[in-house]
Amino acid sequence: NAEDIASPKRTKELLQRHGLVLKKSLGQNFLVDPNILHKIVSAAELDAGKGVLEIGPGIGALTQQLAKLAGRVVAIEIDQRLLPLLQETLEGYSHASVIHGDVLKVELRPLFEEYFASVSGVSVVANLPYYITTPIIMKLLEEKLPLDNIVVMIQKEVADRMSAKPGGKDYGSLSIAVQYYCEPEIVTIVPHTVFVPQPNVDSAVIKLKVRKQPPVQLEDEAFFFEVVQASFVQRRKTIYNNLASRFFTKETKAQLEPILQQAGIEPSRRGETLSIQEYAELSRALAEALA
Ligand code: SAM
């Protein structure tokens, strides 16, 4: 197998030999610290029966470590210039495949059927390109792919929002969306120094354990998320005001107070104080009243 590449020296040498200048626009901040790689990989709880989808393998530092543990590794990379380099660093790992494409455009279900038909579980493991962190996570979750967990390096600020509990400034529609599908846990906070080049924001590794069952039973998921969105449109406004401007008119808004009461929610509360359970009650009561 090729030599491990997670060191600043080896990374710079590889990039230079292939004549590559990293693209900021693609979020290319490569990991060069073996300890962080180890933390990411061990959080995913891999074994030889498991499959891994990696997003953005870069030059393969994380891919190598995943291939050492998992039975099947598929990595999607948008930057064609990296493909010959990946071929070199993944030499000897025949169960690791690289697909050239944009993760936001690749159809993941057929990919899972093709590559992961015979594994006992699949993880997504990645040091994500930060300019599209949220769209990538939401795509993985909304498509309801058969995943055990998602272990990703992301901006610390986004990790805080994903794992936030009701009542604070970090809690919002992203917290609720992520926690509807998963149980989040911050694995570790990561210093800038583990990347080449170093990003301008703080980073964290987050583990999202994908739920087998959602925490609330919803009749209309899309409407639930619409109510959540509406409740945070103006964070400083009350739940009453946010819902009134989205779902009612001046003439009809007298209906809203009894609906909130029915759901057990004080009209003067702010959206950021409601739990997922309360949003479920609220969307049920609202849907019934508006039907
Ligand atoms: N995994 C490598 C590591 O940890 O050193 C690289 C991580 S780097 C933060 C993000 C990678 O995602 C880059 O290789 C970049 O080219 C790739 N990338 C950016 N946008 C992408 C997209 N839409 N689809 C797939 N890969 C993408």
Quiz item: Does GLU157 satisfy being at pLDDT 95 or above, surrounded by fewer than 18 Cβ atoms within 10 Å (Cβ to Cβ) and within 30 Å of GLU113 (Cα to Cα)?
Solution: no
Exercise. Can you confirm whether region 100-114 contains a residue that is in contact with a Pro (Cβ under 8 Å, 6 or more places away or on another chain) and near the ligand (Cβ under 8 Å from one of its atoms)?
Key: yes
Practice problem: Quickly run through region 140-156 and pick out the residues that are within 14 Å of the ligand (Cβ to nearest atom) and part of a strand (DSSP E or B). | Solution: VAL151, VAL152, MET153, ILE154, GLN155
Quiz item: When you scan region 64-77, how many residues do you find that are within 16 Å of the ligand (Cβ to nearest atom) and either surrounded by fewer than 19 Cβ atoms within 10 Å (Cβ to Cβ) or in a helix (DSSP H, G or I) (or both)?
Solution: 6
Quiz item: Listed residues LEU14, LEU37, LEU22; which is assigned to a loop (DSSP other than H, G, I, E, B) and within 12 Å of the ligand (Cβ to nearest atom)?
Solution: LEU22
Quiz prompt | Test set (1) away from the ligand (no atom under 14 Å from the Cβ); (2) assigned to a helix (DSSP H, G or I) - ILE137 fails condition number | solution = (1)
Quiz item: List the pairs whose first member sits in region 17-29 and is farther than 18 Å from ALA61 by Cβ, whose second member is polar (S, T, N, Q) and not in a helix (DSSP H, G or I), and whose Cβ atoms are under 8 Å apart, counting only residues at least 6 apart or on separate chains?
Solution: none
Quiz prompt | Qualifying residue in region 78-96 (condition: charged (D, E, K, R) and over 19 Å from LEU37 (Cβ atoms)) | solution = yes
Self-check item: Residue selected from region 174-190 under the condition in contact (Cβ under 8 Å) with a residue 60 or more places away in the chain and aliphatic (A, V, I, L, M), by the criterion surrounded by the fewest Cβ atoms within 10 Å (Cβ to Cβ)
Solution: VAL187
Exercise. Can you tell me which residue within region 230-271, out of those that are closer than 15 Å to ARG284 by Cα and among the polar types (S, T, N, Q), is modelled with the highest pLDDT?
Key: SER231
Practice problem: Return the pairs, sorted by first residue and then second, in which the second residue is at pLDDT below 95 and of a type in the set (A, V, I, L, M, F, W, C), the first residue lies in region 258-275 and is more than 10 Å from PRO166 (Cβ to Cβ), the beta carbons are less than 9 Å apart, and the residues are 6+ apart or on different chains. | Solution: PRO258/ALA289; ILE259/ALA289; ILE259/LEU290; GLN262/ALA289
Exercise. Using the structure shown, decide if LEU218 is aliphatic (A, V, I, L, M) and farther than 30 Å from VAL32 by Cβ.
Key: yes
Quiz item: From ARG10, ARG81, ARG109, which residue is over 20 Å from the mean Cα position of the chain (by Cα), surrounded by fewer than 16 Cβ atoms within 10 Å (Cβ to Cβ) and of a type in the set (D, E, K, R)?
Solution: ARG81
Exercise. Check LEU46, LEU53 and return the single one that is surrounded by 17 or more Cβ atoms within 10 Å (Cβ to Cβ), under 23 Å from the mean Cα position of the chain (by Cα), part of a loop (DSSP other than H, G, I, E, B) and touching a residue at least 60 places away in the same chain (Cβ under 8 Å).
Key: LEU46
Quiz item: Taking interchain pairs and intrachain pairs at least six residues apart, which have beta carbon atoms under 6 angstrom, with the first residue in region 143-160 and of a type in the set (Lys, Arg) and the second surrounded by fewer than 22 Cβ atoms within 10 Å (Cβ to Cβ)?
Solution: LYS156/ASP202; LYS156/ALA204
Self-check item: Number of the exception - GLU91 against (1) part of a strand (DSSP E or B); (2) more than 17 Å from VAL119 (Cβ to Cβ)
Solution: (1)
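The values are calculated or read from the model by the stated rules, or taken from the named source; none is laboratory data. Everything numeric in this text was worked out from a predicted model, so none of it was measured. FYI the Cβ positions are ideal-geometry reconstructions off the backbone, even for glycines, and counts take in every protein chain you see.
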